[in-house]
Amino acid sequence: MKHIIKIIKTLLPILILSSNIAANQVLNWPQWRGPFMNGSYINSNTPVDLREESDNLKWKIELNGSGHSSPIIFEDKIFILSAKETGKLLPDSVDKPSKKDLNIAARLTNNSQIVTRKMQYLVSAMDRNNGEILWQKVAKEKIPPQLIHGKASWCSSSPVTDGQYLIALFGSAGLYCYDLEGNLIWEKDFGNLNIYWSFGEGASPTIFDNKVILNWDHEGQSFITALDITTGKEIWRTNKEERTSWSTPIVVNVNGQSVIVTSADNFSRGFDLETGKILWEVKGLSTNTIPTPISYKDDVIVASGLYAEIIQSINLKTAMDKEESENAVSWKKKGNGPYTPSILLHKDRIYTLKGNKGIISCLNPNSGEIIYGPERLPSIKEVFASPVAANKYIYVVGRRGNVVILDSGSKFKVVAQTKLNDNFDASPAIYQNQIFLKGHKYLYCFES
């Protein structure tokens, strides 16, 4: 392993510049959307037969708690966040949901969820080789501050690690830093998020250069902040006028400067990593921005998929030039952008789902030109999980357990499909020749 990491450090330094991780993380899946924050994994030979009766099923375990949070992997450990009701009924002295929340629930047709017990927020580490629980910590017990959408969860943010620290965000229930053995290093409380129409919390934190970057967009005072990863001390905070978004920030390199990129309803923005200063703002997305930006060459590609279904590529060098920033959009497409799933970048192609539907398109990231699509995926009607790729294959997991595997070439080709006995909203994770699928009830490990 050490020999492989040494080779990667030598051969791939340029590749890492636009990533949120260090060179020794390339073999891992240390954060939401993988080592390069784009859903792609290199040098892997993951299986295509993902049936439960297949020899490729290495192990399957029942989860403690639930949530849309996606798993991450560092070496032999898998880290998972979850939430569950503790069984302790709320006392009469506890404030019940407000009339405003109850009126919202009455108006919505989405079976909004409400709890009558405290939620227990859990951080778990498992053995990658057999699924055994190595440690499990209760980060917090708290009454959620509001209802959530019937399709959302009480734990949707994904953890992130730099190999020394593990960062777990539970939104209104706090931000927590552990070492990889489960010892709590520090914790922070940023107050309650006021999420638009109680759609649930979801943005994940990012780690870069010993800083934890947290994007806090909601119906109150929105902000972005950077914290010292060793102490939790706030380095800077920048307020912004923004509505609720669920998009996770990324860090890119622009002319030697580290720039945090966020996407949201009002603006996609660039912030200086060291100071938090806003460097640029570009309009163009629609409401309810969820997909995470991806970095490609000198651009970042952002998307939003409610109503307008927009994909937009922003040239970073032009955006940084105040006199030219109005011309920063390299290309823009309407009609096939994702709503909940993020875009996948793999082998100089981007793959995007239409809204939350099982309809996929493949585009040229240089121009936005359609390579193929839109194509309907067999058996998949609704998708929340983001697609991932490993060398030859693209994996798309539907909410009802249907899995479709595509060839990663320039033509639409279904390689395999299967149906697992679970529901899925979390995105898959990959480590070498293994792929991990986290359902509502179980965590699956398939290995070739």
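The values are calculated or read from the model by the stated rules, or taken from the named source; none is laboratory data. What you are looking at is a predicted structure, and each value in this text was computed from that prediction instead of being measured. Heads up, the Cβs are rebuilt from the backbone with ideal geometry, glycines too, and the neighbour counts pull from every protein chain shown. Note: accessible area is taken over every heavy atom of the protein model, side chains too, but ligands, DNA and RNA are not part of it. Shrake-Rupley method; radii C 1.70, N 1.55, O 1.52, S 1.80 Å.
Ranked by the mean number of other Cβ atoms within 10 Å of their residues, highest first, the peptides 262-269, 315-322 fall in the order 262-269, 315-322. Partner aspartates and glutamates whose Cα lies under 15 Å from the Cα of K240, excluding those fewer than 8 positions away in the same chain, are identified as D217, E219, D265, D272, E281. Counting only DSSP H runs of at least 4 residues, each contributing -39500 (n - 2.57), and dividing by the residue count of the chain, the helix-based mean residue ellipticity at 222 nm comes to -1500 deg cm²/dmol. Pairs exceeding a 22 Å alpha-carbon distance, out of K297/K333; K211/K438; K233/K317; K334/K419; K333/K354: K211/K438; K233/K317; K334/K419. Projecting the Cα atoms of S124, I394, S258 onto the dipole axis of the chain, where Lys and Arg carry +1 and Asp and Glu carry -1 at the beta carbon, places I394 farthest toward the positive end. Rolling a 1.4 Å probe over the protein heavy atoms of the chain, with every protein chain left in place, gives an accessible area that is 47 percent carbon and sulfur. Once C-alpha pairs closer than 8 Å and six or more residues apart are averaged by separation and normalised to the residue number of the chain, the relative contact order reads 15 percent. Largest accessible area first, the residues W154, W186 order themselves as W154, W186 under a 1.4 Å probe with ligands, DNA and RNA left out. Considering only S379, S367, S157, the mean-square fluctuation computed in a Gaussian network model of the chain, springs between alpha carbons under 10 angstrom, is largest for S367. Within the assembled protein chains, the solvent-accessible surface assigned to W135 is about 20 Å², based on a 1.4 Å probe.
Per residue, the solvent-accessible area of segment 284-349 (1.4 Å probe, heavy atoms of protein chains only, all protein chains present) comes to 40 Å².
Comparing Cα centroids, segment 122-198 and segment 399-441 end up 24 angstrom apart. Taking all protein chains into account, the per residue accessible area for segment 352-413 stands at 36 Å² (1.4 Å probe). With Rg and Dmax of the Cα atoms in Å as the read-out, I listed [x] 20.5, 62; [y] 25.9, 85; [z] 23.1, 80; which label goes with the value calculated from this structure? Matching entry in [x] 20.5, 62; [y] 25.9, 85; [z] 23.1, 80: [x]. Between H149 and E52, the simple spin-label model (points 7 angstrom out along Cα→Cβ) gives 2.8 nm. What segment 138-277 shows is 33 Å² of accessible area per residue, with the surface traced by a 1.4 Å probe over protein heavy atoms.
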